[in-house]
Structures are given as C-alpha cells and as structure tokens.
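Shown next, in structure tokens, is the structure this report addresses.
The values are calculated or read from the model by the stated rules, or taken from the named source; none is laboratory data. Bear in mind that the values here come from a model prediction, so they are computed numbers and not experimental data. All Cβ positions, glycine included, derive from the backbone under ideal geometry; neighbour counts span all protein chains shown. Each accessible area value is taken on the protein alone, full model and side chains, heavy atoms only, with ligands, DNA and RNA left out. Shrake-Rupley method; radii C 1.70, N 1.55, O 1.52, S 1.80 Å.
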Amino acid sequence: MSALRLEPVRLLQAVIVVFVAALLLSEGLLYAPGARPRLTVEQSFHDLGSGRVALFTNATGSFDANLAQSVFAVAQPTPPTDVYYYYDANYPVSFSSIADWFGLTQHLSVVASARGLPFNLTLVDAVGLAGVLRQPPRANTVLIVASGVLPDTVYTAQSDLLAPWIRLGGTLVWAGDTVGRYEGTPIAPGATFGKLLPVPNGSARFLSGIHLGGTGIVYSNRSVFSDAVYLAYPYAIAGGAFRTSDVLAANGRVLGFLDGAWTNWAAFPIGQGTLVDLAAPGYDVVRLSFSLVNLLQSGAWSPTNTLEGASAFSVASNSPFSSVALLAAPGAGLHLCAFSVEVDYLAPFAARSCA
Amino acid sequence: MATGSTPTDPAPPLRSEGRRRRLLRAMREGVQLSLLLGPLERLARTSHRRWLLVVLLTGTGLRLLLAPLTSQYDPAIFGESSATMAMGGGPYTYLIVYPTDWVLVLNLIGRTAALFLPANALVAAPAAVLTLGLTLGGLEPTSYPVPLVALLEKGIVLLFDVAMAGLLYSIVQEWSGDRLKARLVFAAWFLNPFVVIESGIHGAFDVIPTFFVVAAFYLWYHDRPLSAGAAFGLGVMVKVYPLLLLPLFVAALLARRDLAPVRRAMSALWFGLGTAGIVALSLWPPGILQQYLQIVGTGPSVGESHGGFGPWSLSAFPGLGGWRRWLFLNTAPVALISAAIAFGLVTLFAIYYARRAGAGNWHAPLTYAAVGSVFAILLSFSVTQPQYLLWILPWLLLAAVVERRFRTVAAALTLGGSTFYVVGLAGPLYLAQPTAIFTHWISFSLIDAAVLGSPIYAPWVELVTTVSVFLLLTYAALQALRRLRRPTAGGVRVAA
C-alpha cells in the first residue's frame with residue numbers, strides 16, 4: 001500500500017499500458033497471418049475407372065478438432081444459394097419466441113459468413129411469403145419457416161398455398177410446432193399476440209400417415225444422418241416427434257436424434273419437393289443455426305440423395321490426417337459430394353467438395 | 001468510517017430525542033452492519049501490513065473459491081465466445097453484444113485456456129444442462145464454461161477489483177488525509193458482498209469500465225490528459241456506458257479554471273488524442289465496426305426482457321406483455337431516446353459540477369455529479385440485471401466519505417443488489433442453477449421449479465426489489481444534486 005500511496009498516477013498509467021498491451025497481443029493472435037487457429041480440409045475425387053472413385057482427404061490444423069465426413073450422391077451439386085426466411089412480428093409463434101424467431105436470422109447469416117457460403121438470406125413477411133408461394137419454386141432455393149405457425153395469408157382451414165408449392169419442387173425447412181396444426185392471425189388492435197386457430201387435420205396435409213408421439217424433450221441418440229452431417233439439435237416437442245418406421249415407409253429420411261421409436265427431425269418427399277421438418281422448439285438459436293447451415297451446406301437432405309459413406313476423424317496440431325476412400329461411381333446424372341464438418345460445439349469449420 | 005461509535009455500540013439517546021429519531025438511527029446502524037463497518041473499523045486501526053493482508057486475502061480467497069465453481073448466463077456466453085475464437089472463429093463469429101475490447105479480452109482468455117485444454121473442451125454442454133433449461137422454461141444457459149475458463153475470466157475481474165479498491169484508497173487518502181477512512185473505503189469495496197457476488201459468482205466485468213472512468217478523472221486532475229483520455233477510451237471500448245458520461249469530462253475541463261486557456265485547450269487535445277488512439281486501436285480491422293453496430297442495433301434476442309431499475313422495469317409487471325412486445329420491436333429507437341434522455345440529465349449534473357469544482361476541491365463535486373449522472377443512466381435505460389449497480393457503487397462509497405447518509409445508501413444498495421442476485425430476476429436462481437451443474441450432489445432444481453411455479457413470488461420479488469432500489473437511488477441522486485447546487489467555499493469538508 002505504501003507504493004500505491006506514493007505513486008498512484010504511475011500505477012494507473014501502468015495499468016493502462018498493460019491493458020493496452022494485452023489488447024494488442026489479442027489482436028495479434030486474432031488477425032496476424034498464421035496466428036489465428038486454423039483448420040484446413042482438402043477433399044478431392046479421382047475417377048479410377050471401372051465404376052470406382054477415390055476420395056482423397058487431407059486435413060491439417062493448429063488445434064485439436066473432431067470432424068465428421070459424409071459422402072452423398074446428389075442430383076444437384078450446388079447447395080442452395082437463396083434462402084427465404086419467414087418472419088413477421090405481427091403474427092404468432094408456437095414453440096418459439098419472437099426474439100428467437102428473429103435472432104435465428106442473425107445467427108444463420110453469421111455462421112454462413114464464417115464459412116464463406118454465398119447464402120442470400122431474404123426475410124419475407126406474411127404478405128411476402130404469399131408472394132413467394134404463388135411463384136413456382138426455383139432451383140437452389142429453400143424456404144425456412146421457424147415460427148411453428150403459418151400465417152393466414154398462406155394457410156387457412158380452407159386454403160393452402162404451401163403444400164402445392166412443395167409438390168411443385170419446393171423445399172421447406174420447418175421448425176417449431178407441428179406443421180399445419182395452426183393458422184396464425186395477425187395481432188388485432190389492443191391485443192398482445194395474434195391468434196392460433198387450430199386447423200382440423202391440418203398436419204395431415206403434410207404428414208399423411210406419420211404418427212406423432214414421443215415423450216422426451218431432449219434426446220441423446222443420434223441418427224446416422226445426424227452423425228454424418230452434424231445436425232446437433234437434440235430437442236424435441238413431447239408428443240410431436242415422428243415415428244421412424246413411418247418416416248421410412250413414406251420414403252423419407254431420418255435426420256435428427258432418436259429416442260426409441262421416435263425422431264425429432266425428418267425429411268419427407270411431397271410430390272417433387274421436400275419437407276424438412278424439425279419437431280422441436282426453436283429456442284436454442286446457436287445450435288439451430290449451426291445445424292441448419294450444416295444441413296443446407298451438405299445439400300443432401302432430400303431422401304433421393306443417397307449416403308455413400310460416412311466417417312469420423314480427428315486432427316491435432318502435430319497430427320494431420322490423410323485418408324483415401326474407395327467409393328462406387330454414382331449413377332447417371334448424379335454427383336458425389338463430400339462434406340466435412342467439425343463436430344465440436346461452436347466450431348465454425350465445414351467444407352464441401354463435389355466431383 | 002464513523003469515528004468514536006460503531007453499529008454495535010450506539011451512543012445513548014438524548015432524553016429529548018424522539019422515538020422516530022431513535023428508530024431511524026437504529027435502522028441506519030443496522031444497515032451499516034451489512035457493510036461490516038464495525039469489524040472493518042477495528043481492523044483498519046491495526047498495522048498497515050496486517051490490514052492489507054487480511055483484506056486482500058479474505059476478498060481474494062472468497063472470489064477464488066467461488067469463481068471456478070459457479071457460473072451464470074453471462075460467463076456461459078463469455079466462455080462460448082472464447083471457445084469459438086479458440087477454434088478459429090472471428091471476434092463476432094459468435095454473436096455477442098459487447099464492444100471490441102471485451103471481445104479481445106475473451107480471445108485472450110480462450111487462447112490462454114487452450115494452452116492447457118483442447119479448444120473444443122472450454123465449454124461443456126451436456127444434455128443435462130439442456131434438459132434443465134427446457135424444464136425451467138427457457139434455455140439459459142445451454143452450456144457452462146469449464147472451471148479453468150471461469151477462473152481466468154473472473155481472475156481478470158478480480159485484478160480490477162483490487163485496482164478499483166486501490167484507486168478509491170488513493171482518492172480518499174488525498175481528499176481527507178485520513179488513512180483510516182482510506183482503508184475503510186478500500187475494504188468497503190473489496191469485501192463488499194455485492195461486489196464479491198458479482199465478481200466471484202456472476203463474473204460480470206462492470207468493474208473494468210467503471211475503474212477506467214474513475215481512473216480517467218483521477219488522471220485528469222493530476223495533469224495527465226493523454227492517460228486520462230486513454231482510460232476513458234478503454235472504458236468506452238469495454239462497455240459503452242462511459243460514453244454517456246462525456247458531459248462530465250467536458251465539465252471537468254471547464255472546471256480547470258486554474259489553467260490558462262491555451263493549456264486547457266492543449267489538455268483537451270491530449271485527452272481527445274488518448275481516446276481516439278484507443279478507439280482506433282480497437283476498431284482498425286476492416287468491417288469490425290459494421291459488425292458490431294449491426295449486432296448492437298438489432299441485437300440477437302434483445303428485447304426479450306426489459307426489467308431492472310428504470311421505468312422499463314414496469315414492463316416486467318405481470319400482465320403487461322404487450323408493452324414488452326412493443327419494446328422488443330422498437331429496441332433500437334428506444335435505446336436512442338434513452339441515450340438522449342440520459343445525456344441530457346448527465347449534462348444537467350455536469351453544469352452544476354463545472355460551477356462548483358476547481359483544481360483543489362474536485363473530489364466532492366465530482367463525486368456528487370457522478371452519483372447523479374450514473375443514476376440518470378440507470379434511470380433512462382432498460383437496465384435488466386443487478387451488475388449495473390456496480391457503476392454507481394464506487395461513487396457512493398466516495399460520497400460516504402463526505403456524509404453519513406451516503407453510507408446508509410451504499411449499505412442499502414449492497415443489500416438490494418445482493419438480494420436481487422440471490423432471489424433471481426423472476427427466473428432461475430442465478431447462483432443455484434449453474435451450481436447444480438458443477439456439483440452434482442447439490443440440486444436446486446426443486447427450488448427453481450418452486451420459484452418459477454409461483455406466479456406471485458417470482459415477479460413480485462423482482463418488482464419490490466426493483467422499486468426499492470430505484471427509490472433509494474433516486475434519493476441519493478436528489479441529495480447529490482442538492483449538494484451540487486449549494487454554493488460551497490473551499491470545497492466540502494470530509495465528515496469526521
């Protein structure tokens with residue numbers, strides 16, 4: 001204390017200098033070339049002839065990382081570039097909240113940007129959504145509805161713009177309450193929220209023949225697809241999960257976590273399009289944003305895309321990874337795409353390469 | 001800080017003293033017990049070395065014991081940001097609403113922790129945490145920082161707690177010449193239960209920008225304008241609130257009537273350079289400012305709750321869901337209006353401060369002006385959590401050197417802030433919930449469920465605590481304004 005009493009000004013200046021030095025050090029670690037933690041995965045396909053293809057993978061990194069790699073045979077090698085996101089604060093939500101519903105858009109943008117993905121994220125309100133659904137679905141376009149409720153501009157007990165749009169080839173990614181269960185009305189003057197009007201047999205328009213059930217709200221077991229593409233969203237709505245046998249019987253794909261006979265995430269073919277349905281609350285926007293970007297970047301949610309292989313590997317600063325995988329050549333009109341993603345929570349890395 | 005009497009040994013009442021006065025005195029002395037003023041006074045009269053050892057060891061030991069074992073929503077966010085950067089993410093790859101300098105500190109924490117643990121193990125997110133969160137009605141937090149990360153982050157906060165205590169000591173020593181009072185202020189900060197909870201358990205870093213604000217004034221009045229400007233800049237770049245105190249710094253410049261105009265102008269220039277240097281140092285990476293402004297302008301999940309100590313706390317009242325919704329949808333313009341109101345009120349205090357302060361008697365006017373100004377900020381904004389009370393506490397402790405009534409205010413604020421922490425903000429008990437994760441044999445989930453399950457207890461406790469603290473701070477600010485308006489020759493005498 002005698003030092004403090006004698007030289008408080010000098011001590012304060014020293015504190016400032018030390019703090020500034022710490023900030024400079026941090027900036028160096030963040031921005032200086034070679035100082036920031038890095039992870040690189042190079043994936044390349046080589047045609048070996050005789051119906052065989054080799055996938056070469058080389059991974060190096062400056063920190064310990066766990067990755068999952070999946071190879072899909074896809075008809076469309078380019079992942080979606082245009083993403084429509086329905087958000088309208090005048091309309092209600094179910095198994096979500098206004099803050100999370102809006103916040104998800106920010107997290108999606110940031111994760112996509114961190115990976116250098118050319119996502120064009122466009123917010124559409126209830127009227128804009130109707131405009132999108134009145135147009136034929138475009139290739140490389142995905143519609144995300146994370147409110148758990150469809151607005152009455154596109155869906156009522158008497159009308160439905162969404163199911164026909166999917167049948168024509170559209171891809172809908174859904175999160176929240178059971179799809180089609182409610183029609184949402186806008187907020188009336190003086191009211192706090194819009195109304196949720198149950199639509200009789202509404203969910204059957206999208207989930208015909210699919211039993212809903214399950215009692216858990218957090219699942220622990222991953223499906224093959226969830227492991228392969230790292231869809232790390234374990235939440236579920238009690239009573240709203242899909243029976244896995246029904247999903248498979250409908251030529252769908254189990255995407256998410258499993259709890260006995262139930263799964264919280266599945267893709268269903270509807271006409272020429274796909275419904276990717278996450279029967280879970282949209283509260284955890286961090287995990288949801290990573291999972292959704294992984295899903296979109298992999299480009300492989302459609303049940304018509306086949307999973308040709310999946311593996312897991314690790315990289316450490318003094319331990320790079322290399323592998324060669326032999327795969328069957330894809331059928332005519334199909335492309336092999338490899339998707340590698342770091343499976344550690346919050347890790348931003350992923351890479352995709354197609355033959 | 002009282003000399004000659006302690007809360008445990010009150011002076012006998014005069015025969016003519018009414019019952020009301022006796023009751024008020026007993027209440028005041030009882031409240032002062034919450035600051036342990038009696039034992040502190042006895043300790044402060046011991047040798048310098050012994051006093052320092054006891055206070056530092058006690059305060060540090062408490063914090064270090066609590067730090068790795070506890071967490072809260074904010075440290076979970078800090079840990080997640082640190083972990084993301086340690087795995088190659090940029091400063092705002094993980095969305096976080098703090099200015100760049102705090103994010104840079106988090107980067108250092110993550111990179112330091114990654115020397116001892118794999119980067120992918122800096123936060124833990126077991127399914128049990130997620131289930132607990134969903135069960136309690138909201139996912140906060142969905143992970144917790146591992147003990148090493150919690151310790152590193154709270155260790156930095158601890159260092160600034162020590163620095164703040166030392167700075168307050170220096171100010172009081174200089175102001176009053178009384179080492180006893182200086183020691184008491186040191187201990188009143190460093191052993192303050194509210195500060196210990198905030199530093200050791202919550203891990204909020206509000207002491208850092210507050211320290212830099214106090215340091216900036218101290219350096220200014222010791223003719224170090226460049227350092228003062230740098231300190232101010234650091235305060236702003238760690239947490240934005242010091243920017244609203246700019247009128248006070250302008251007033252401090254105007255109050256230096258002892259300086260020739262040219263010298264005053266040069267001092268202002270150096271101050272500006274110091275601030276600009278820090279801002280430039282923080283914002284030079286291309287795109288960083290745009291990223292930050294976008295986040296803070298729209299704010300991930302902001303507007304979800306508007307409570308705290310200002311009029312916005314009314315929006316937490318049961319049944320006012322519509323108002324909260326309106327606030328969420330208009331967060332950015334509301335924040336701008338709040339800033340304008342705060343700025344105006346701070347300017348009012350700054351005007352009185354400029355009139356009263358001089359080179360030799362700056363302590364009291366600055367203290368009163370700061371009490372009123374920080375209260376104005378708390379009043380104007382949708383303050384949501386108790387850690388913001390830390391902004392005003394050092395000024396209240398300094399004011400307590402001058403007047404006893406401010407001792408009572410400081411003590412009551414300590415009680416109120418601590419209560420707010422312990423009983424939670426109408427939601428999960430911040431202390432209890434994450435502790436249940438670190439120590440599996442302690443389960444507070446039943447308590448949490450009971451709190452949340454009660455539609456009366458949870459919201460009413462928040463509301464009553466909020467209103468009480470708000471009234472208390474209003475009283476303090478009005479008293480501060482009254483003293484600022486009172487013309488005083490030769491400065492304010494320190495109370496015996």
| Taking the condition within 11 Å of chain A (Cβ to nearest Cβ) and crowded, with 24+ Cβ neighbours inside 10 Å, does B:T84 pass? | yes
| query | Is segment A:67-81 home to any residue that is within 24 Å of the chain's Cα centre (by Cα), facing chain B (nearest Cβ under 7 Å) and surrounded by fewer than 18 Cβ atoms within 10 Å (Cβ to Cβ)? | reply | no
| So which residues in segment A:189-217 are in contact with a Phe, Trp or Tyr (Cβ under 6 Å, 6 or more places away or on another chain) and within 13 Å of chain B (Cβ to nearest Cβ)? | A:G194
| field | Close pairs from segment B:143-167: first over 23 Å from B:V185 (Cβ atoms), partner among the β-branched types (V, I, T) and in a helix (DSSP H, G or I), Cβ under 8 Å, at least 6 apart | value | B:S143/B:V129; B:Y144/B:V129; B:Y144/B:I437; B:V149/B:I109; B:L152/B:I109; B:L152/B:T112; B:E153/B:I109
| Can you tell me which of A:R167, A:R181 is more than 23 Å from A:T105 (Cα to Cα), modelled with pLDDT of 95 or more and buried (at least 16 other Cβ atoms within 10 Å of the Cβ)? | A:R181
| Condition test on A:F56, is it within 14 Å of chain B (Cβ to nearest Cβ) and closer than 30 Å to A:S319 by Cβ? | no
| message | If A:G240 meets every condition in (1) over 30 Å from A:F313 (Cβ atoms); (2) away from chain B (no Cβ under 14 Å) apart from one, which number is that one? | response | (2)
| note | Considering segment B:70-80, residues that are within 14 Å of another protein chain (Cβ to nearest Cβ) and under 10 Å from B:P145 (Cβ atoms), and then whichever is most open to solvent (accessible area, probe 1.4 Å), we arrive at B:I77
| query | In segment A:188-301, which strands (runs of 3 or more DSSP E) lie fully inside it and hold 1 or more residues that are open to solvent by less than 50 Å² (accessible area, probe 1.4 Å)? | reply | A:241-243, A:257-259, A:265-270, A:273-278
| note | Scanning segment B:381-394 for residues that are in contact with a helix residue (DSSP H, G or I) (Cβ under 7 Å, 6 or more places away or on another chain) and either outside any helix (DSSP H, G or I) or open to solvent by 10 Å² or more (accessible area, probe 1.4 Å) (or both) gives B:F381, B:S382, B:Y388, B:W391, B:I392
| task | Scan (1) within 22 Å of B:L64 (Cα to Cα); (2) assigned to a helix (DSSP H, G or I); (3) more than 13 Å from every other protein chain (Cβ to nearest Cβ) for the single condition B:A204 breaks and write down its number. | result | (2)
| Can you name every residue in segment A:4-34 that is charged (D, E, K, R) and more than 7 Å from every other protein chain (Cβ to nearest Cβ)? | A:E7, A:R10
| remark: Of the listed residues (B:G110, B:G166), the one being on the phi < 0 side of the Ramachandran plot, within 26 Å of the chain's Cα centre (by Cα) and surrounded by fewer than 24 Cβ atoms within 10 Å (Cβ to Cβ) is B:G166
| message | of a type in the set (A, V, I, L, M, F, W, C), more than 19 Å from B:F78 (Cα to Cα) and at pLDDT 95 or above: which single residue out of B:L289, B:L219 fits that description? | response | B:L219
| Is there a residue being more than 19 Å from the chain's Cα centre (by Cα) and among the aliphatic types (A, V, I, L, M) anywhere in segment A:105-114? | no
| task | Find the residue count for segment B:254-264, including only residues that are in contact with a helix residue (DSSP H, G or I) (Cβ under 9 Å, 6 or more places away or on another chain) and modelled with pLDDT of 90 or more. | result | 1
| request: Take the residues in segment A:89-102 that are over 17 Å from A:T178 (Cα atoms) and open to solvent by 20 Å² or more (accessible area, probe 1.4 Å), then tell me which one is farthest from the other protein chains (Cβ to nearest Cβ). | output: A:N90
| Would you pick out the residues in segment A:103-117 that are under 11 Å from B:Y92 (Cα atoms) and either surrounded by 24 or more Cβ atoms within 10 Å (Cβ to Cβ) or in contact with a Leu (Cβ under 7 Å, 6 or more places away or on another chain) (or both)? | A:H107, A:V110, A:V111
| Looking at this structure, is A:V53 in the same structural domain as A:F313 (by TED's automatic domain parsing), at negative phi and either buried (at least 18 other Cβ atoms within 10 Å of the Cβ) or modelled with pLDDT of 95 or more (or both)? | yes
| Would it be correct to say that A:A139 is within 19 Å of A:L275 (Cβ to Cβ) and open to solvent by less than 30 Å² (accessible area, probe 1.4 Å)? | no
| task | Report yes if A:D64 is in contact (Cβ under 8 Å) with a residue 60 or more places away in the chain, of a type outside the set (G, A, S), within 11 Å of another protein chain (Cβ to nearest Cβ) and touching a helix residue (DSSP H, G or I) at 6+ places or on another chain (Cβ under 8 Å), otherwise no. | result | yes
| Can you name every residue in segment A:37-50 that is open to solvent by 50 Å² or more (accessible area, probe 1.4 Å) and either aromatic (F, W, Y) or within 26 Å of the chain's Cα centre (by Cα) (or both)? | A:R38, A:T40, A:E42
| query | Does segment B:333-356 contain any residue that is open to solvent by 10 Å² or more (accessible area, probe 1.4 Å) and at pLDDT below 70? | reply | no
